[in-house]
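To start, the structure under review is shown below, and the notes come after it.
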Amino acid sequence: MRWTPTGRASDLEDRRGQRMGGALPKMGIGGFLLLAILSFVFKTDLFSLLGGGGVTTNAPVEQGPISETPEEADRAKFVNFVVSEANDSWEQTFAQDGQQFPRTPVVLFRDATQSGCGVGQSAMGPFYCPADQKVYIDLAFYDELQKRFGAPGDFAQAYVIAHEVGHHVQNVLGLSDQVREAQQRNPSQANEYSVLLELQADCFAGIWARTAEQKGQIEVGDIDEALGAAAAVGDDRIQSQSGAVNPETWTHGSAQQRASWFRRGYQGGNVESCNTFEG
């Protein structure tokens with residue numbers, strides 16, 4: 001990807017120097033997603049039962065200097081560039097309809113940090129919190145993306161940010177609320193609705209990729225990197241690493257579905273092409 005170390009300072013919140021004290025609940029991404037779905041369905045902050053709910057926590061936060069390698073410094077600059085470009089793109093899209101788009105920042109952290117959705121941990125992977133409208137990521141995830149999931153490349157990393165910004169777009173458009181209401185009406189289909197929401201975020205990431213291409217930021221192989229990353233984090237790929245594949249427990253969609261919807265957004269270039277709820 002062609003990029004320069006630029007980006008709005010307000011689009012990046014760097015907490016890598018913070019350390020949270022106290023005992024934190026141990027939870028992987030699967031448990032986090034399950035609690036998020038159930039919290040939506042029952043209108044209850046189930047994260048609080050683990051001591052991580054709400055905007056504040058009893059765990060003390062220690063602020064220290066940010067120590068980083070040159071590679072990590074470049075990654076932080078790259079994330080700042082991508083989220084700023086994505087925010088710019090969606091601002092322009094909303095402005096065409098006479099609407100304002102509230103920019104979402106990316107919060108960089110290490111190990112754990114407090115979010116409006118509870119204590120965010122590195123094991124959860126990158127996530128978007130609708131309560132505070134922020135994207136959270138531990139940059140160490142990019143090593144996992146390459147080594148564990150086999151999805152290298154800077155545009156694979158960009159896809160991750162664009163997907164989470166896509167969740168912010170859904171939140172602003174009220175789509176997330178609509179899905180929550182549907183989950184409340186049909187709790188047995190909560191996972192299915194979650195998959196459709198995630199696939200739409202993939203599609204929105206594809207829309208941004210098209211914008212980046214129009215701005216001359218895409219290089220040969222970049223779209224393949226994004227498609228590879230989308231497929232690599234498909235539920236079937238992840239489940240196959242640890243045993244049996246069970247579609248009934250999926251929350252994000254299969255490798256084929258995720259890559260397909262990213263491609264649809266990239267080719268369509270507009271929100272209308274991303275209606276996963278009608279196929």
>> At 0.36 nm per residue, and after removing the present C-alpha to C-alpha distance, how many nm does the segment from D143 to E13 gain when stretched out fully?
In response: 44.7 nm
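Only sites in a loop by DSSP and with at most 14 other Cβ atoms within 10 Å count here; which trypsin sites (Lys or Arg not before Pro) in segment 99-174 make the cut?
Numbers: sites: R103, R110, K134, K147, R148; in loops: R103, R110, R148.
Those that pass, being in a loop and sparsely packed, are R148.
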>> Taking 0.36 nm per residue of sequence separation and subtracting the Cα-Cα distance, how much length would be gained by fully extending the chain between Q189 and T6, in nm to one decimal?
In response: 61.6 nm
> Short version: ³J(HN,Hα) in whole Hz for each residue of segment 246-262, in order, from phi by Karplus 6.51 cos²θ - 1.76 cosθ + 1.60 (θ = phi - 60°), x for Gly and Pro, what are they?
Replying inline: 10, x, 5, 9, 5, 10, 10, x, 6, 4, 5, 5, 5, 5, 5, 6, 4
> Rounded to a whole number, what % of the accessible area of segment 229-276 do carbon and sulfur atoms account for, probe 1.4 Å?
Replying inline: 46 percent
>> I'd like to check one number: the per residue accessible area of segment 82-141, probe 1.4 Å, reported in Å² as a whole number.
In response: 33 Å²
> Rounded to whole Å and sorted largest first, what semi-axes of the equivalent ellipsoid does the C-alpha gyration tensor of segment 74-172 yield via the square root of 5 times each eigenvalue?
Replying inline: 23, 17, 10
> If you wrap a convex hull around the C-alpha atoms of segment 224-273 and split its volume per residue, what is the figure in Å³?
Replying inline: 69 Å³
> Is segment 174-279 rounded, prolate or oblate when judged by the Cα gyration tensor, a ≥ b ≥ c being the square roots of its eigenvalues, rounded requiring a/c under 1.5 and prolate requiring a/b larger than b/c?
Replying inline: oblate
> Whose amide H sits under 5 Å from the amide H of V107, counting only residues 5 or more places off or on another chain, with H placed in the peptide plane?
Replying inline: E13, V135, Y136, I137
> Kirkwood Rh, Cα Rg: Rg to Rh for segment 142-187?
Replying inline: 1.21
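Whenever you get a sec, compute what percent of the accessible area on segment 78-188 sits on carbon and sulfur atoms (1.4 Å probe).
The computed percentage sits at 42.
The values are calculated or read from the model by the stated rules, or taken from the named source; none is laboratory data. Everything quoted here is computed from the prediction, not taken from an experiment. Glycine gets a Cβ as well: all are built from the backbone with ideal geometry, and neighbour counts include every protein chain shown. Ligands, DNA and RNA are stripped out before the accessible areas are found, and what is left, the full protein with its side chains, is counted by its heavy atoms. Shrake-Rupley method; radii C 1.70, N 1.55, O 1.52, S 1.80 Å.
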